[in-house]
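Read the figures in this text as sums done on the coordinates, not as results from a lab. For clarity, every value in this text was computed on a predicted model and none was experimentally measured. Neighbour counts are summed over all protein chains in view; Cβ atoms, including those assigned to glycine, are modelled from backbone coordinates with ideal geometry.
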Amino acid sequence: MNRKRNKKIGSAAVAAALCLTLFPLSGRASNAAPEGKPTSVQGHRQVAIVIDDFGNGMTGTPEMMALPVKFTTAIMPFMPTTKQDAELAHKLGDDVIVHMPMEPVRGKPEWLGPGAITTAMSDAEIRKRVEAAIADVPYAVGMNNHMGSKATADERVMRVVLTVVKEKGLFFLDSRTTYKTVLPKLTAELGVPLLSNQVFLDDVYSTSHITKQLGVLREYLKNNDSCVTIGHVGPPGKLTAAVLKSAIPRMQGDTQFVKLSEMVVPSAEKDVIPHP
């Protein structure tokens, strides 16, 4: 599909309007692939692209929404464009998951955003915050961690989080920000569907690095039937979107791009370099 190059967007509202122009919503069946996002040619491998940090009108939001395949939007709760981004993603046929802020081992508190989970909180407060976050993100079918290298290694904290996730009928995507994650153990115990990130696309903000990481993904697929990969809107957003837009057509001959909800099965432990 030919698309005009997006001009610089001055506001989240204009960005959403641009996406709606690119993908008219009328006449779409709710369970069908939108006109601008056809299901990829069935291949031998599946890739689920997850884009983190929606919800705050971040750079690259319209470019990501314009990707020509289905993907998963990880949207932070309680932010200025949380509901707007979730509504648009849902109308485009993409998955919506809650991008739950969780305490890291290192990092500034202000990086977390509102409603964050910390290891100092009581079980009751953690439950309250997780329930509120899920309620704040329309159409959410799952959850993943924003940061969280400390929280996702804490069995008490994650038991409370996953209990709420199970009650709400969601799955959990372990972003794998620490090799000490307790999620495989607890999700198996509690019966929560688990997916795990295998490749971070843009932990370094450069086109060359993002391209290299796509090469890592393709190497991974030589020995595995599926791969979950995480990118971001924000500082690397436009770069990541541009690399993906260029790479997707070349990969579609033997790769099927899917939403996380189409890939929900208990995942085996995978090696991944933790994201700081």
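Structure above, values below:
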{"read-out": "Those residues of region 213-231 whose amide nitrogen sits under 18 Å from the label point placed on ALA242, 7 Å along Cα→Cβ", "value": "213-215, 231"}
{"read-out": "Kirkwood Rh, angstrom, region 43-262 [1 / mean 1/r, Cα pairs]", "value": "17.3"}
{"read-out": "Highest to lowest packing among 223-232, 103-112, 172-181, scored as the average C-beta count within 10 Å", "value": "172-181, 223-232, 103-112"}
{"read-out": "Proximal aspartates and glutamates relative to LYS166, as straight alpha-carbon distance under 20 Å, when same-chain residues fewer than 8 apart are discounted", "value": "ASP95, ASP123, GLU125, GLU131, ASP136, ASP154, GLU155, ASP174, GLU189, GLU262"}
{"read-out": "Over 25 Å (Cα to Cα) - which of LYS128/LYS185; LYS212/LYS238; LYS108/LYS180; LYS150/LYS238; LYS70/LYS212 fall in this group", "value": "LYS150/LYS238"}
{"read-out": "Region 43-262, dipole about Cα centre (Lys/Arg Cβ +1, Asp/Glu Cβ -1), debye to the nearest 20", "value": "300"}
{"read-out": "Charge context of VAL164, other residues only, Cβ under 13 angstrom, K/R +1, D/E -1", "value": "+2"}
